[in-house]
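Structure, as structure tokens:
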Amino acid sequence: MIMENHPDPSVSDPHQELVSQTTKKGGLITMPFIIANEALERVASYGLLANMILYLIGSFYLGVAKSSNIVFLWSAATNFMPLIGAFISDSYLGRFLTIGLGSITTFLGIVLIWLTAMIPQTRPPPCNPFTEKCKPPTSSQYALLLASMTLMSIGAGGVRPCSLAFGADQLDKRTGNNSNNQTVLETFFSWYYASAAFATLVAFTGIAYIQENAGWKIGFGVPAILMFLSALLFFLASPFYIKQKPNKSLFTGLAQVIVAAYKNRKLAFPPEDSEGWYHHGKGVTPMKLTKKLRFLNKACIIRRPEEIKPDGSSLHPWRLCTVEQTEELKALVRIIPLWSSSIAMSINVSQGTFQVLQAKSMNRHITSGFVFPAASFFMFLIVSIVIWLIVYDRVIIPLGSKLRGKPFKIDPRVRMGMGLVCSAVAMAVAAIVEHMRKRRAINEGYINNPEAIVNMTAMWLVPQNILNGIAEALNAVAQNEFFYSELPKSMSSIAASMSGLGLAVGSLLASLILNIVSDITRKNGEQGWITDDINKGSFDNYYWLLTVLSFINMFYFLYCNWAYGHSSSDQSETSAGGYEIHDAMAETKKKNEDELLVYTNNKIENGAGKEEEEVLKGGLINL
């Protein structure tokens, strides 16, 4: 239980009264509502995603390729929108309103797609049983389908980036006398991630089972009810929440550096090591301005002393930024190549839509009376992630530390590379299994019957899911750890969103690759690799293509890793972003002022431009 501060009633202190009012809100009482909101949103959204390709093929008659593209784009939007949601939350609405509006928007999106299952007029009519021809959806039917997915993506963008931080706001009471604050926060994080994993499992097992056995009306109605409960529970606890006001977003600060560097592109650089001519933020530990990506350094050159307000801030933040802002952007730019190496793995994970079609054509009987849902094989990926993390934390690290006689840890970049290897192997296994399944279907005479069940257990799909899970546990977790260590603490929100952005880009590229493969392999009247009849297509060749791309990507990762050089953990005196910290003003006082004066006078006498002259004089005055 969190201890609260109560001011002495004999003392009339407005600040203490404000602290007292703040500590009366928040606390553990709000945790069930926040965790339930996020967990139920995941169950509802992922529950719809699990079998969506079957719904699009069976009820909207869109075909395998087009249905897969829609799912890819929907997944990309859902993973990209949290970046926009985080920006809106930090800059304008605040976390409470962003989560609330996101929950309502998600609910409306789920209701719309539920209506397509409930109302026959909202989807194409049944196929003609005699001609076996199916009418495609009309423009209005197609628009309703896409509108529902768009609303769900927008809603996810409001809930997912803010939920964890909003929960931390309720517990992080640093103004109070709470010695257990950190312990409470860690407990909340553990429960939060555990609930997220459990919610995903429920979505890919329970909701998928309901859809497969009770039909789409009930299968879509249950997520709608769960999402209504998610929004209701969140708003019920509104009087108890601590609601932080929005502040300037970090994205704005990064954009200011780019704009300021462009505006100041014609300015000459001051002499080397002349830190006094660069603007440092107040109230933060100054960073040393590095020479990497040097063109961005012009964003923090002080042109005139009057550009600095009395409080130390910039009068024109889109013209003059701080060294710290500049170094934050540099840190982000430096990690982008290594981040991009994980996109290939995201493309591989996105292929779960095809796995649903494979599983549907295979024997899924666990017992004589229970059939494993086709969309539930993704569960093995999630379970393998959890198991690997437990084994790594509780077995590998302690055993390695005992054998070495000192703390043991596998470098994050090594784990990222190991994850890419596992992902490539997973694709190779998927290609082999699909080749076996297709050959079995042909031998059993099912080449023209995509609805037939081949005499091959669907458990053959488990190994590739386990490998993908281990790959995700190695690469994604290591990436998060690497980003948190390399980026400044002020960029923690960006570090947390990088993985989701990778999934979004991976889904977009998966759609692009699918379209290119489909178009190329259908030339000259060929059947093509991607067909509506899975037994006629060559999905195994498609998997082999992804395998080759994955192995090529491993060499790209090795190059990016070499080009990055030393990380912050390899340096003895570094900040959270890997840059040396020092007292810039103290170092400036040690500079040779006479040398700077000679340099300045020579530049002015030799015809320095007006803007450059102002910068040079401003630097001297600042000294």
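Brief remarks on what is shown
- Residue check for A268: of a type outside the set (S, T, Y) and part of a helix (DSSP H, G or I): no
- Those residues of region 111-130 which are assigned to a loop (DSSP other than H, G, I, E, B) and closer than 21 Å to T150 by Cα, in sequence order: I119, R123, P124
- Checked across region 100-120, the condition of being within 29 Å of K536 (Cα to Cα) and open to solvent by 10 Å² or more (accessible area, probe 1.4 Å) holds for no residue.
- Leading residue by the ranking (surrounded by the most Cβ atoms within 10 Å (Cβ to Cβ)) among those in region 329-382 that are outside any helix (DSSP H, G or I) and small (G, A, S): S342
- For region 149-183, filtered to residues that are touching a Gly at 6+ places or on another chain (Cβ under 9 Å) and over 18 Å from L40 (Cβ atoms), the residue that is modelled with the lowest pLDDT is K173.
- Scanning region 225-253 for residues that are under 26 Å from I494 (Cα atoms), assigned to a helix (DSSP H, G or I) and either modelled with pLDDT under 85 or touching a Pro at 6+ places or on another chain (Cβ under 9 Å) (or both) yields L250, F251, T252, G253.
- The listed residue being closer than 23 Å to S350 by Cα and either open to solvent by 20 Å² or more (accessible area, probe 1.4 Å) or out of contact with any strand residue (DSSP E or B) (no Cβ under 9 Å at 6 or more places or on another chain) (or both), out of L93, L73: L73
- The residues of region 290-313 that are open to solvent by less than 20 Å² (accessible area, probe 1.4 Å) and farther than 14 Å from Y262 by Cα, listed by number, are I302, R303, E307, G312.
- Members of region 465-488 found to be touching a Leu at 6+ places or on another chain (Cβ under 9 Å) and of a type in the set (S, T, N, Q), listed by number: N465, N468, N475, Q479
- Restricted to helices (runs of 4 or more DSSP H) entirely inside region 385-495, those with at least 3 residues that are under 26 Å from F198 (Cα atoms) and of a type outside the set (V, I, T) are 412-443, 462-486.
- Subset of region 399-419 (residues that are open to solvent by less than 60 Å² (accessible area, probe 1.4 Å) and of a type outside the set (D, E)): G400, S401, F408, I410, P412, R413, R415, M416, G417, G419
- I530 passes every criterion in (1) open to solvent by less than 70 Å² (accessible area, probe 1.4 Å); (2) closer than 18 Å to N348 by Cβ; (3) hydrophobic (A, V, I, L, M, F, W, C); (4) at pLDDT 90 or above apart from (4).
The values are calculated or read from the model by the stated rules, or taken from the named source; none is laboratory data. Just so you know, these numbers come straight off a predicted model, no measurement behind them. Ideal geometry is used to build each Cβ from the backbone, glycine not excepted, and the neighbour counts take in all protein chains shown. Ligands, DNA and RNA are stripped out before the accessible areas are found, and what is left, the full protein with its side chains, is counted by its heavy atoms. Shrake-Rupley method; radii C 1.70, N 1.55, O 1.52, S 1.80 Å.
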